[in-house]
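One structure below.
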Amino acid sequence: MAACGNVITQGHDELYLCISTPGGQIASGITLYNFLRSMPIKVITHNIGSVDSIGNAIFLAGELRRACSHSTFMFHGTAFDMLTQAHLEQKNLREMLNSLLADEQRIADILVERTKITPDQLGSSSQKPRPKTRTTPSGLGSFTRFPTSPYPLEHQY
């Protein structure tokens, strides 16, 4: 996030973010989404490989969104990682379930707000992983262009 902030302090009027990610922690992804959406400059996101899991929310933070011709997107339900053996009581399980459901709702809200996907279309997305290519009709409204180069041709680097 510091690097993104540097773009602003250096006087640039847009941020071009190339993304390929397997995802990660939902809280971190939502934080980055909120940060990118709050930036006072144009944010362009570009899927240059695979954008999976919470990476979809980060990708959707872009005002302008691009995807390479062979890039993919993976949507799936939320999960809770158990790194050690644990004894869980009903109260703990309910708290974990409520946390998962809240995370899933935040992701769903972002998808509905930032794409042409409707709440009805999201109904079964949490049931099983579903890869989506850039040509999947239900998500097509997410993207503005599909250039093969991750760099905009109008800029010189």
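If I ask for residues that are without any contact (Cβ under 8 Å) to a residue 24 or more places away in the chain and either of a type in the set (D, E, K, R) or more than 23 Å from Asp81 (Cβ to Cβ) (or both), which ones from region 1-33 would you list? Hits for region 1-33 are Ala2, Ala3, Gly5, Asn6, Thr9, Gln10, Gly11.
Please determine, by comparing only the residues of region 5-31 that are out of contact with any Cys (no Cβ under 9 Å at 6 or more places or on another chain) and closer than 15 Å to Glu63 by Cα, which one is surrounded by the most Cβ atoms within 10 Å (Cβ to Cβ). Before the answer, list the steps.
Taking region 5-31 and keeping what is out of contact with any Cys (no Cβ under 9 Å at 6 or more places or on another chain), we get 5-14, 16, 18-31.
After this cut, where a residue has to be closer than 15 Å to Glu63 by Cα as well, the list is 13-14, 16, 18-19.
Values: Asp13: 9, Glu14: 15, Tyr16: 19, Cys18: 14, Ile19: 22.
By that ranking, first place goes to Ile19.
Taken over region 63-76, the residue count meeting the criterion of being under 23 Å from Arg106 (Cβ atoms) and either touching a Leu at 6+ places or on another chain (Cβ under 7 Å) or charged (D, E, K, R) (or both) is 2.
When region 43-75 is limited to residues that are buried (at least 18 other Cβ atoms within 10 Å of the Cβ) and assigned to a loop (DSSP other than H, G, I, E, B), the one that is nearest to the chain's Cα centre (by Cα) turns out to be Ile54. In the condition set (1) surrounded by 12 or more Cβ atoms within 10 Å (Cβ to Cβ); (2) modelled with pLDDT under 80; (3) over 18 Å from Gly23 (Cβ atoms); (4) β-branched (Val, Ile, Thr), Thr133 is compliant with all but (3).
Among the residues of region 78-120, the ones that are in a helix (DSSP H, G or I), surrounded by 10 or more Cβ atoms within 10 Å (Cβ to Cβ) and of a type in the set (S, T, N, Q) come to 4 in all.
Of the residues Leu32, Leu15, which single one is in a strand (DSSP E or B) and aliphatic (A, V, I, L, M)?
On the way: Leu32 fails: in a strand (DSSP E or B).
That would be Leu15, the only listed residue that is in a strand (DSSP E or B) and aliphatic (A, V, I, L, M).
The values are calculated or read from the model by the stated rules, or taken from the named source; none is laboratory data. On a predicted model such as this, the values are computed, not experimentally measured, just so you know. Counting neighbours? That spans all protein chains shown, and the Cβs are built from the backbone with ideal geometry, glycine included.
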